[in-house]
Amino acid sequence: GINGNGVAIAIVDGGSDQNHTDLAGQFGACTGESCGGSASSSHGTHTAGIVAGTGASGVTDSWGFLRGLGVAPGATLVEQVYSPVYQQPGGMLQLMTESQQSGAIASSNSWGPSGSPQGYDIDTMEVDIGVRDADSGVSGDQPLSYVLAIMNGNGGTSSQGSPDEAKNIFTIGSTKMRGSSGSQDTNIDDISSNSAHGPCLDGRKIPHMVAPGCNVDSSVPGGHSLMCGTSMACPQVAGAVALFVEHYRNETGDDPTPAMVKAALTAAARDLAGHED
């Protein structure tokens, strides 16, 4: 009975096809400079569909699964584009502020300002600040769960980018899911070859969790497509966040903090030690 109803998740990407049958009616109002408007991309449409596609198109694959059904089809999406805001001074935090002001409790981020390790740089610090308080102009804390795809660093020690080394966000790597033909990959507990990993330059372990990312079926402008990347793993978790938030609200009447969200999902995750990394 949980589908993300009443929960808003920001999709910070390159724009989504809001007229796609599986995404029509899923987007709520957006406030700020980063709002996507008419911007559309295959990548952004794909990640949005993974989070909250409805499957309304009825299109199925060879195994009978709805190609456009997301993890949390009852959730509302807030569409933002990261460029050029992220390049401005304070831009990383501004994106989070506008997510929070648009009603989102979490944001899904399948992108990053740097593809190589930067340590604890200013972009990383900004997102850590934003998780605790995304809108400093309002009294008290306005927390925002920040779900991030670790870079597609293709393995190797410290192959992450930025802001992958942040402490308060939820950084996600990628596991195998399906072959390029769409058939089930039987090695689903193996890390996919595209996925980066840590440690951080100060020795901390990242990513915090992994999820299916290679290959994932979802919506694209004009239809559906398989895509492979940590970009596809991140929205799997963002959709799961929406489900958990709805459940937590039903149980307690309150919103979970980003720390509670992260703790709950990592506690429920399986240890993949011993599988290919």
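With respect to (1) surrounded by fewer than 24 Cβ atoms within 10 Å (Cβ to Cβ); (2) touching a helix residue (DSSP H, G or I) at 6+ places or on another chain (Cβ under 8 Å); (3) within 30 Å of G55 (Cα to Cα), the lone exception for G103 is condition (2).
The set of residues in segment 42-65 that are part of a loop (DSSP other than H, G, I, E, B) and open to solvent by 30 Å² or more (accessible area, probe 1.4 Å) comprises A56, S57, G58, V59, S62, W63, G64, F65.
Residues in segment 67-100 that are in contact with a strand residue (DSSP E or B) (Cβ under 6 Å, 6 or more places away or on another chain), open to solvent by 50 Å² or more (accessible area, probe 1.4 Å) and farther than 19 Å from I122 by Cα: R67, T76.
Close Cβ contacts (under 6 Å, 6 or more residues apart or on different chains) running from residues in segment 1-30 that are touching a residue at least 60 places away in the same chain (Cβ under 8 Å) to residues that are open to solvent by 60 Å² or more (accessible area, probe 1.4 Å) and of a type in the set (S, T, Y) comprise V12/Y82; G15/S40; D17/S40. Within segment 73-89, one or more residues are within 18 Å of H224 (Cα to Cα) and in contact (Cβ under 8 Å) with a residue 40 or more places away in the chain. Within the set T54, T60, T21, T47, the sole residue that is at pLDDT 95 or above and in contact with a Cys (Cβ under 8 Å, 6 or more places away or on another chain) turns out to be T47.
Considering segment 234-256, the residues that are open to solvent by 20 Å² or more (accessible area, probe 1.4 Å) and under 15 Å from the mean Cα position of the chain (by Cα) include one that is nearest to H197 (Cα to Cα), namely Q236. Report yes if P117 is touching a strand residue (DSSP E or B) at 6+ places or on another chain (Cβ under 7 Å) and either of a type in the set (A, V, I, L, M) or crowded, with 17+ Cβ neighbours inside 10 Å (or both), otherwise no. Against the criterion (touching a strand residue (DSSP E or B) at 6+ places or on another chain (Cβ under 7 Å) and either of a type in the set (A, V, I, L, M) or crowded, with 17+ Cβ neighbours inside 10 Å (or both)), P117 does not qualify.
Taking the criterion of being surrounded by 19 or more Cβ atoms within 10 Å (Cβ to Cβ) and more than 11 Å from T45 (Cα to Cα), the residues of segment 13-32 that qualify are Q26, C30. Of S195, S231, which residue is in contact (Cβ under 8 Å) with a residue 12 or more places away in the chain, crowded, with 24+ Cβ neighbours inside 10 Å and not in a helix (DSSP H, G or I)? Answer to the check: S195.
The values are calculated or read from the model by the stated rules, or taken from the named source; none is laboratory data. On a predicted model such as this, the values are computed, not experimentally measured, just so you know. Note: ideal-geometry Cβ built from the backbone for every residue, glycine included; neighbour counts use all protein chains shown. All accessible areas refer to the heavy atoms of the entire protein, side chains included, with ligands and DNA or RNA removed. Shrake-Rupley method; radii C 1.70, N 1.55, O 1.52, S 1.80 Å.
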